[in-house]
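One structure is given below, encoded as structure tokens.
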Amino acid sequence: MTTESTASELRKTGISVVGDMPWGTHLCHFYETKEDLLDILIPYFKAGLENNEFCTWVVSDPLGEEEARDALRQAVPEADRYLAAGHIEIVPHTLFPASRERTSSAQSIEIIPHTDWYLKNGAFIAKRVLNGWKQKLADALAKGYAGLRANGNEAWLTEENWKAFSDYEKTLDKNLAGQRMIVLCSYPVTGSSAAQVFDVVKEHQLGIIRRRGQWEIVETPELIQAKTEIKRLNDELEKKVEERTRELAAANRQLKILSRRRVKVQEEERRHLARELHDEIGQALSAAKINLQAAMKESDGAKSKRIRETAAILDRLLGQVRQISLDLRPLMLDDLGLVPALRSLLDEHGRRASVAVRFSAENMPENLDPEIQTTCFRIAQEAITNAVRHANATRIDVDLGRENGNLRLQARDNGRGFDAESVQEQVVGLGLIGIKERAALVDARARIISSPNKGTTVEVSLPLTPLPVREGRETGK
């Protein structure tokens, strides 16, 4: 595993005031009584055992090996199993692990007196202890453990070896970087000066002390500075996020404005083209038809037949032009309003596709906004077209009316239906995304209900007037 991934993998410390920490964490805690020691160390080792970590517990007064084992048994239901399998090692501080009988491959915890670990012939040798930790970690990983969790009680320290041990702590802190190891060092408050407490905390990433019965984090100037820097970076990040959010919101408003303008331009072009088709081309075709009809009365039989054929062609062409005009922009929508235009649209589709249709319009508001009328008509047109072309419907019902201060449109068919949750179904040929997008442009709510072989219902709730599209207001100017 890489150093980067090791550093990002959080482990449960079991210490509530600390929470989860990454591998390579180097902690210290200060205690006054044996109970203080156990209050931190028992949950600390319990979390390690439950998460497949090999545990080494280096004990010193006021807590001996047997007391440590008894405390573990009282607090951890499966302590005997862990101890029997060797999941935790409890050793005295004065004996070095290499001098003890090697643990079995199943052993996962050692409880070691401080005399077994830190001292050799009464002397503390930092390099020897650092190499011991290195070997312990290698052994744990080789046996399949996730890593090594350790604690050493430093109550045995004297003024004579304080400086050497402080240097050892600095080196250990550096060596832990990127290693699958967590170390918690325990120091007695009694007999320690304020300067010594401060020095100890400086050599660790985090310090814990009990104040007024509660465990608290000891904040060194470095930690305070780090927290201040983190807060500054968080504030900067939040500011950037807010700025970016505002930019995105402004861009979204601009996009909405442009989309509405595009729809309006399209509708104006359709209106213009529909007028030209109806007024210019339609009138010209009508005139040609009238002339041919007149010529039929004056021509012989052969000419009369050809003229009749031509007139039939013109009839079909005139019908096609009228249908194109209706599809582009029904003039009835501009001239008579939404209700007649929708009724005409539904009747026309019913005749052309031999589909049973029903239209109902109740409690309609007066002077409906033109943009809302157009949006409602286009959504109904899309729903009816889908029902005829894609759903093989034999019946279509359209209901229109005012409801709760909005204009409500409902179009139902008895066609083949589809899976409304399937994005693929929505994209392929059904135009449902277009319905929702068109509704969103005027802040309407569109809902499409369908299931295979059970038909489709399109429900839309439109505001009676659209939101203003003035750019100044939209951008907050």
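Laboratory data are not the source of any read-out in this text; all were calculated from the coordinates shown. Not measured: the values here are computed from a predicted model. Please note: Cβ atoms are built from the backbone with ideal geometry, for glycine as well, and neighbour counts cover all protein chains shown.
Distance between the 7 Å Cα→Cβ label points at GLU78 and ARG128: 3.7 nm.
At 0.36 nm per residue, and after removing the present C-alpha to C-alpha distance, how many nm does the segment from SER304 to GLU32 gain when stretched out fully? Let's see the in-between values first.
Details: separation 272, 0.36 × 272 = 97.92 nm, distance 12.12 nm.
My answer for the length gained is 85.8 nm.
Neighbour counts of C-beta atoms inside 10 Å place PHE54, PHE377 in the sequence PHE377, PHE54, starting with the fewest.
Cross-link reach is defined here as a Cα-Cα straight distance under 16 Å, omitting same-chain residues fewer than 8 places apart; for LYS136 the lysines meeting it are LYS127.
Is the shape of segment 3-218 best called rounded, prolate or oblate, per the rule: a/c under 1.5 gives rounded, else a/b larger than b/c gives prolate, else oblate, with a ≥ b ≥ c the square roots of the Cα gyration tensor eigenvalues? Since a/c stays below 1.5, the shape of segment 3-218 is classed as rounded. Note on LEU273 and ILE290: the model spin-label points, each 7 Å out from Cα along the C-beta direction, lie 2.8 nm apart. Annotation: the residues GLU247, GLU50, sorted from fewest to most other C-beta atoms within 10 Å of their own C-beta, follow the order GLU247, GLU50. For a paramagnetic label modelled on GLN196 (point 7 Å from Cα along Cα→Cβ), amide N atoms under 19 Å away belong, within segment 154-180, to 154-170.
Once you charge only the Cβ atoms, +1 for Lys and Arg and -1 for Asp and Glu, what is the size of the charge dipole of segment 3-218 about its Cα centre, to the nearest 20 debye? Walk me through the numbers before you get to the answer.
Values: 24 positive and 30 negative charges, 106 e Å.
I would put it at about 500 debye.
Phi angles across segment 118-131 convert, under the Karplus curve 6.51 cos²θ - 1.76 cosθ + 1.60 with θ = phi - 60°, into 3J(HN,Hα) values of 8, 10, 9, 6, x, 10, 9, 10, 4, 4, 4, 5, 4, 5 Hz, Gly and Pro given as x.
Ranked for footprinting exposure by Cβ neighbours inside 10 Å, fewest first, GLU9, GLU366, GLU238, GLU371 give GLU366, GLU238, GLU9, GLU371.
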